[in-house]
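What follows is one structure encoded as structure tokens, with my remarks underneath.
The values are calculated or read from the model by the stated rules, or taken from the named source; none is laboratory data. These numbers come from a predicted model, not from an experiment. Glycine gets a Cβ as well: all are built from the backbone with ideal geometry, and neighbour counts include every protein chain shown.
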Amino acid sequence: MQTVLIVPDGVTVTSGSNPNVIGSMGGGTSTTVMWTVVCQNNGTYSLQVSASGIDSNGYPCSASNSITVKVGKGGFILPSPELYLLVIIIGAVVATILIIAIVLLNRRRPVKSEIRQH
């Protein structure tokens with residue numbers, strides 16, 4: 001699993017790996033990824049976080065979300081509760097995709113049955 005923070009012109013990621021390789025995640029699990037960004041000018045900026053990887057069945061999966069940040073006098077750093085919320089939402093979407101893939105894979109398996117003769 002890998003996460004990427006996509007920032008527009010005028011915004012710089014000053015800390016946190018980008019992209020950030022999380023590694024393997026099991027269904028129903030979550031993790032936290034943090035970045036610090038600096039906006040060079042006042043204005044409104046849209047930041048996008050995306051996660052992608054391969055689920056436990058070998059299928060590609062991905063999720064993304066975005067947030068709009070208004071920067072005013074004195075600058076503004078993205079509040080960490082909003083960043084945590086984005087990561088939690090992406091984790092939940094990825095977990096849901098993994099669960100659906102597992103359910104669908106289990107439905108495709110043939111059912112073994114025994115026939116007994118008397």
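Overview of values
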item	result
Hey, residue 101 modelled with pLDDT under 85, surrounded by 16 or more Cβ atoms within 10 Å (Cβ to Cβ) and more than 14 Å from the chain's Cα centre (by Cα) or not	yes
Answer residue from region 32-58, given it is surrounded by 14 or more Cβ atoms within 10 Å (Cβ to Cβ) and among the small types (Gly, Ala, Ser) and is farthest from the chain's Cα centre (by Cα) among those	56
Residue 76, sole failed condition from (1) of a type in the set (A, V, I, L, M, F, W, C); (2) modelled with pLDDT under 70; (3) under 14 Å from residue 30 (Cβ atoms)	(3)
Residue in region 13-31 that is surrounded by 12 or more Cβ atoms within 10 Å (Cβ to Cβ), in a strand (DSSP E or B) and in contact (Cβ under 8 Å) with a residue 40 or more places away in the chain present	no
Residues within region 31-52 that are within 22 Å of residue 89 (Cα to Cα) and at pLDDT 85 or above, tallied	13
Condition broken by residue 60, with the remaining ones in (1) at pLDDT below 80; (2) out of contact with any Cys (no Cβ under 8 Å at 6 or more places or on another chain) satisfied	(1)
